Amino acid sequence: MQSEEFRKHAHQIVDWMLDYYENIEQFPVKSRVSPDEILSKLPASAPQHGEDMDKILNDFNKIILPGMSHWQSPNFFAYFPANASYPSLLAEMLTAALASQCMIWDTSPAAAELEEQMMNWLKEMTGLPDTWSGVIQDGASTATLTAILTARERCSNYQINKEGFNGDQKFRVYCSTETHSSIEKAVKIAGIGNANLMKIEVDNSLSMNPVALELQINKDLTAGFTPLCVVAALGTTGTTAMDPLKQIAVICKKYDIWLHVDAAYAGTALILPEYRWMIEGIDDVDSFVFNPHKWMFTHFDCTAYFVKDEDALVRCFEILPEYLKTQSRGQVKDYRDWGIPMGRRFRALKLWFVIRSFGVEGLQKKIRYHIKLAEKLESWIQDHSGFEIMIQRTVNLVCFRYHPQNISDEKELDRLNEELVNKINSDGKIFLTHTKIHGKYALRMVIGQTNVEERNIVEAWEIIQDVVGLS
Ligand SMILES: *Cc1c(COP(=O)(O)O)cnc(C)c1O
């Protein structure tokens with residue numbers, strides 16, 4: 001492709017982007033294609049001869065777009081959002097143009113230094129200890145794996161990295177029964193074994209029971225295990241339940257156990273001073289992760305991972321092949337040594353654009369607005385005799401179910417609510433998902449999409465009532 005042709009198509013695509021965002025509510029939020037429908041429209045072999053960009057773009061609209069769910073639609077209430085925003089999109093365009101590989105300081109000093117400062121900004125914005133260090137990772141799953149590997153190495157005096165497991169190490173890792181599946185994945189990959197992930201019971205609000213945690217630790221110590229790491233969740237994926245960090249931190253300190261905090265989604269709420277109660281006890285935490293790519297209007301991938309002991313992290317992951325030896329080593333941060341992949345995209349730029357463009361105040365305003373909308377939706381549900389709230393709301397996720405007064409059979413209620421979710425989603429106007437709360441099927445509605453407004457939740461609530469015939 002020649003440069004003038006690129007200019008033409010680049011302008012076309014910017015126009016496409018704007019039209020897309022302006023008309024996004026016209027698309028069915030959840031894609032309606034069936035399995036293999038897209039595959040059957042794609043040629044089995046690659047073209048021998050180059051094709052015209054107009055033709056490729058046309059196929060993008062015709063074949064690909066119908067197979068996409070529209071995560072940036074303000075009618076997207078499913079899972080947790082993977083937020084974006086215009087400032088973030090502009091930065092992603094520049095990052096794509098620079099196409100730099102930012103593995104070490106030498107390969108792009110500005111990328112490394114901007115990353116360092118963005119992590120400092122986030123630390124201050126969220127009230128994390130200012131002596132900690134931060135690094136951008138691709139996902140919370142990677143960050144949690146990084147934490148468990150660092151805990152493993154610190155605990156074994158960096159011997160497992162060197163010699164491998166010798167059979168003496170019998171580690172145990174702890175999380176609640178509600179914690180994200182990434183903990184299980186990390187424990188498997190780190191060689192600790194699934195059987196050594198102890199899932200601690202939760203109370204009524206689905207928060208970890210710290211008394212049960214300490215009991216299990218004592219049991220394991222008696223049986224000759226080494227308690228390695230506790231993962232506390234601030235905002236579980238099912239219901240945004242909050243584990244009692246302060247009490248867990250006291251236990252971890254007492255038994256010298258690495259404490260990792262998974263605040264992947266709800267961590268963004270820490271930008272609001274009124275939510276800092278979540279991190280009471282933070283000084284005794286070893287590592288902490290939250291995802292600006294979920295609720296802080298910054299494109300995926302952008303996970304903020306913070307550690308108390310930078311040296312332990314770097315010692316765990318450092319590698320130094322001849323071709324990566326540089327003169328600047330020791331004076332600068334080579335982020336390749338702060339995590340698993342060597343190659344790294346320039347991800348700090350979009351954070352810089354987002355934080356500067358919104359300002360801390362602008363971010364706070366939007367996050368508060370989302371929480372207020374969730375509060376409103378919650379009150380409408382509470383006031384309706386055919387529905388019920390299933391658990392106390394902590395931030396902007398509302399969990400509820402349809403519960404007609406003449407039905408009390410739990411199986412029947414599960415069935416009705418499952419049917420309800422399927423009907424709502426196939427209608428295409430809104431998209432939401434479900435969870436199980438104390439075994440009961442519940443609908444989850446997250447009010448956190450960048451552009452969601454009151455009119456979107458008013459309409460969503462009408463759709464839900466319409467589908468069950470209760471409007
Ligand atoms: C989303 C989520 C994760 C996983 O995040 P990724 O960035 O997709 O790896 C982990 N923990 C919690 C609590 C989450 O909500």
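The values are calculated or read from the model by the stated rules, or taken from the named source; none is laboratory data. Just so it is clear, the model here is predicted, and its values are computed rather than measured. No Cβ is skipped: glycine too gets one built from the backbone with ideal geometry, and neighbour counts run over all protein chains shown. What goes into the accessible areas is simple: the full protein's heavy atoms, side chains included, and nothing from ligands, DNA or RNA. Shrake-Rupley method; radii C 1.70, N 1.55, O 1.52, S 1.80 Å.
Below are the figures for this structure:
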item: Portion, in percent, of the accessible area of the chain that falls on carbon or sulfur, probe 1.4 Å; result: 51
item: Debye equation applied to the C-alpha atoms of the range 286-343, log10 I(q)/I(0) at 0.17, 0.23, 0.26, 0.27 Å⁻¹; result: -0.70, -1.00, -1.11, -1.14
item: Cα Rg, Dmax (largest Cα-Cα span) when computed across the range 76-214, Å; result: 19.2, 53
item: Heavy-atom surface of the chain, accessible at 1.4 Å and reported per residue (Å²); result: 47
item: Built amide H within the under 5 Å cut-off of Thr237, gap 5+; result: His180
item: Hits among lysines - C-alpha to C-alpha of Lys254 under 18 Å, sequence gap 8 or more where chains match; result: Lys219, Lys246, Lys308
item: Calculated from backbone phi, Karplus (6.51, -1.76, 1.60) coupling profile of the range 229-237 in Hz, x at Gly/Pro; result: 8, 10, 9, 9, 9, 10, x, 5, 5
item: Efficiency of FRET between Ser45 and Glu5 - r from beta-carbon atoms, R0 22 angstrom, step 0.05; result: 0.30
item: Value of D in µm² per second that Stokes-Einstein yields for the range 150-242, Kirkwood Rh from Cα pairs, at 4 °C (1.567 mPa s); result: 93
item: P(r), alpha carbons of the range 1-84 - 5 Å bins starting at zero, rounded %; result: 3, 11, 18, 20, 17, 17, 10, 4, 1
item: Interchain or long-range residues, amide H under 5 Å from Ile200's placed H; result: Cys175, Ser176, Thr177
item: Largest to smallest accessible area among Ile38, Ile381 [probe 1.4 Å]; result: Ile38, Ile381
item: Given charges at beta-carbon only (K, R positive; D, E negative), |dipole| of the chain in Debye; result: 480
item: The chain: antiparallel DSSP beta bridges as a percent of all, rounded to 5; result: 55
item: Ranked order, Met198, Met342, Met1, Met445 - accessible area, probe 1.4 Å, largest first; result: Met1, Met342, Met198, Met445
item: Straight-distance crosslink candidates among aspartates and glutamates, where the alpha carbon sits under 16 Å from Lys325 and sequence neighbours closer than 8 are dropped; result: Asp106, Asp334, Asp337
item: When the convex hull of its Cα atoms is projected in every direction, mean area for the range 169-306 (nm²); result: 8.3
item: Spin-label model distance (nm) - Asp54 vs Glu37, 7 Å beyond Cα toward Cβ; result: 2.9
item: Cβ charges +1 (Lys, Arg) and -1 (Asp, Glu), total dipole of the range 125-253, debye; result: 260
item: Alpha-carbon Rg/Rh ratio, for the range 307-448, with Rh computed the Kirkwood way; result: 1.21
item: Partner aspartates and glutamates for Lys429 [C-alpha distance under 17 Å; skip if fewer than 8 residues away on the same chain]; result: Glu22, Glu25, Glu419, Glu453, Glu454, Glu459, Glu462, Asp466
item: Ranked packing of 383-394, 406-417, 231-242, most packed first, by mean Cβ within 10 Å; result: 231-242, 383-394, 406-417
item: Positive-pole candidate from Asn120, Val468, Tyr402, dipole of the chain, charges at beta carbon; result: Asn120
item: Gln382/Arg276 FRET efficiency (R0 35 Å; Cβ-Cβ; nearest 0.05); result: 0.80
item: Ranked order, Arg368, Arg329 - accessible area, probe 1.4 Å, largest first; result: Arg368, Arg329
item: Computed FRET value (nearest 0.05) for Leu98 with Gln392, which takes r as the C-beta separation and R₀ as 45 Å; result: 0.50
item: The range 118-157-the range 201-273 distance, computed between alpha-carbon centres (Å); result: 16
item: Paramagnetic reach from Asn61 (point 7 Å along Cα→Cβ, amide N under 18 Å) across the range 21-47; result: 21-28
item: For the range 5-14, Karplus couplings with θ = phi - 60° (6.51, -1.76, 1.60), whole Hz, Gly/Pro x; result: 5, 4, 4, 4, 6, 4, 5, 4, 6, 4
item: Packing-based order for 201-207, 181-187, using average beta carbon neighbours within 10 Å, highest first; result: 181-187, 201-207
item: Cβ-based charge dipole, the chain, positive-most Cα from Trp105, Leu149, Pro244; result: Leu149
item: Per-q log10 I(q)/I(0), the chain, q = 0.07 Å⁻¹ (Debye; single scatterer per alpha-carbon; no solvent); result: -0.42
item: Relative frequency of Cα-Cα separations exceeding 29 Å in the range 1-159, percent; result: 45
item: Helix-only CD estimate at 222 nm, as mean residue ellipticity for the chain, using -39500 (n - 2.57) per DSSP H run (n ≥ 4); result: -13000 deg cm²/dmol
item: Length released on extending from Gln12 to Leu324, taking residue separation times 0.36 nm less the Cα-Cα span; result: 108.3 nm
item: Calculated from backbone phi, Karplus (6.51, -1.76, 1.60) coupling profile of the range 248-262 in Hz, x at Gly/Pro; result: 5, 5, 4, 5, 5, 5, 4, 9, 6, 10, 4, 10, 10, 10, 9
